[in-house]
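The values are calculated or read from the model by the stated rules, or taken from the named source; none is laboratory data. Keep in mind that what you see is a predicted model, and the values were worked out from it rather than measured. Using ideal geometry, Cβ is built from the backbone for each residue, glycine included, and neighbour counts are taken over all protein chains shown. With ligands, DNA and RNA removed, areas are computed over all heavy atoms of the protein, side chains included. Shrake-Rupley method; radii C 1.70, N 1.55, O 1.52, S 1.80 Å.
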Amino acid sequence: MDDGFETRPLIETQDLAERLAQDEAIRILDATYFVPPSIRNACAEYQQKHLPGALFFDIDRIAEPATDLPHMLPDAARFESLVGEMGISNRCHVVVYDTHGIMSAPRVWWMFRVFGHARVSVLNGGLPKWEREGRPLESGIPDVRPEIFQAQFNPALVKDLRELQANLSEPALQLLDLRSAGRFWGREPEPRQGLRGGHVPGSLNLAWNELLNPEDKTLLPVDALKAKFEQAGLRIDQPVACSCGSGITACMGAFGLYLLGNRKVAVYDGAWAEWGARADVPVEIGQPLNA
């Protein structure tokens with residue numbers, strides 16, 4: 001019986017463990033990403049240990065090469081080619097995890113949805129939870145047979161600088177910034193050189209890690225997620241564009257809102273790496289009025 005497992009956005013380790021042996025269409029991806037200036041090598045750590053059969057999804061490689069901005073979305077042809085090389089076809093159920101618990105995995109969940117693939121899920125708690133439970137791990141790189149993946153780009157899930165500029169004068173969506181409060185208000189330096197501090201005028205702020213249980217790095221229950229977004233001032237049923245430093249943790253916001261039923265959520269892909277580097281766009285900075 002079809003229980004909707006393939007299209008659940010969030011799946012538990014126990015559910016995945018039970019399905020692995022019986023579902024040949026599952027493709028597991030390690031989407032770990034370390035934010036600069038970290039010198040940790042996500043691919044090398046993946047090769048040391050990963051979930052059975054998992055492949056490494058290189059967020060910096062499966063990206064647009066013709067830009068100075070970090071890991072921007074590739075075009076459909078590049079995504080098709082690189083994903084197909086990983087043995088992923090349109091019939092596959094893609095399960096994404098990372099070594100943070102949940103941090104960068106939602107970026108890959110979002111990318112697959114941008115390119116029209118609904119059979120994609122995030123593993124709750126990621127590698128840390130899987131490992132704590134004593135489940136099997138592998139090392140090395142599995143052999144895969146290339147498949148054909150056909151992408152259908154969905155522009156509604158992506159916002160660009162031009163659209164955010166237009167939103168300043170004629171607001172049509174809420175902008176949620178998932179960076180820390182210190183970076184949002186310009187009290188902390190940006191990890192990337194050459195960026196101004198502050199935020200896009202009118203933005204709301206909710207640090208991405210506020211969406212996780214601090215003890216085990218699993219996602220908060222739905223009611224607690226809803227409360228976090230509402231406390232940030234967000235109208236959950238209205239259109240939202242999520243942003244962050246470079247488009248990674250913005251997808252945490254998009255993922256959480258998707259779980260709450262909002263299908264009008266996009267990601268500003270250029271994020272602060274783009275906005276904060278430009279002198280021709282306005283920035284708000286300083287303490288909030290109620291601080």
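Restricting attention to the range 164-191 and to residues that are touching a residue at least 60 places away in the same chain (Cβ under 8 Å) and assigned to a helix (DSSP H, G or I), the residue that is farthest from Pro282 (Cα to Cα) turns out to be Arg183.
Close Cβ contacts (under 6 Å, 6 or more residues apart or on different chains) running from residues in the range 251-279 that are aromatic (Phe, Trp, Tyr) to residues that are open to solvent by 40 Å² or more (accessible area, probe 1.4 Å) and not in a loop (DSSP other than H, G, I, E, B) comprise Tyr268/Lys159. Applying a threshold of 6 Å to beta carbon distances and a minimum spacing of six or more residues, or different chains, the list of pairs starting in the range 92-121 at a residue that is under 16 Å from Phe56 (Cβ atoms) and ending at one that is in a loop (DSSP other than H, G, I, E, B) and open to solvent by 10 Å² or more (accessible area, probe 1.4 Å) reads Ser104/Tyr33. Of the residues making up the range 86-105, those that are of a type in the set (Gly, Ala, Ser), touching a strand residue (DSSP E or B) at 6+ places or on another chain (Cβ under 7 Å) and in a loop (DSSP other than H, G, I, E, B) are Gly87, Gly101.
Scanning the range 192-215 for residues that are part of a loop (DSSP other than H, G, I, E, B), open to solvent by less than 40 Å² (accessible area, probe 1.4 Å), more than 16 Å from Val240 (Cα to Cα) and touching a residue at least 12 places away in the same chain (Cβ under 8 Å) turns up Leu195, Gly197, Gly198. Across the range 106-134, the qualifying residues are those that are in a loop (DSSP other than H, G, I, E, B) and of a type in the set (A, V, I, L, M, F, W, C), and the one among them that is least open to solvent (accessible area, probe 1.4 Å) is Phe115. For the range 20-50, a residue qualifies if it is open to solvent by less than 60 Å² (accessible area, probe 1.4 Å), at pLDDT below 95 and either hydroxyl-bearing (Ser, Thr, Tyr) or more than 21 Å from Ser104 (Cα to Cα) (or both), and the qualifying residues are Leu20, Asp23, Ala25, Ser38.
Scanning the range 216-225 for residues that are open to solvent by less than 20 Å² (accessible area, probe 1.4 Å) and in contact (Cβ under 8 Å) with a residue 40 or more places away in the chain yields Thr218, Leu219. Has the range 258-278 got at least one residue that is in a helix (DSSP H, G or I), farther than 23 Å from Pro189 by Cβ and open to solvent by less than 10 Å² (accessible area, probe 1.4 Å)? Checked against the condition, which is being in a helix (DSSP H, G or I), farther than 23 Å from Pro189 by Cβ and open to solvent by less than 10 Å² (accessible area, probe 1.4 Å), the range 258-278 yields no hits at all. Put simply, of Met103, Met72 the only residue that is within 23 Å of Arg179 (Cβ to Cβ) and open to solvent by 30 Å² or more (accessible area, probe 1.4 Å) is Met72.
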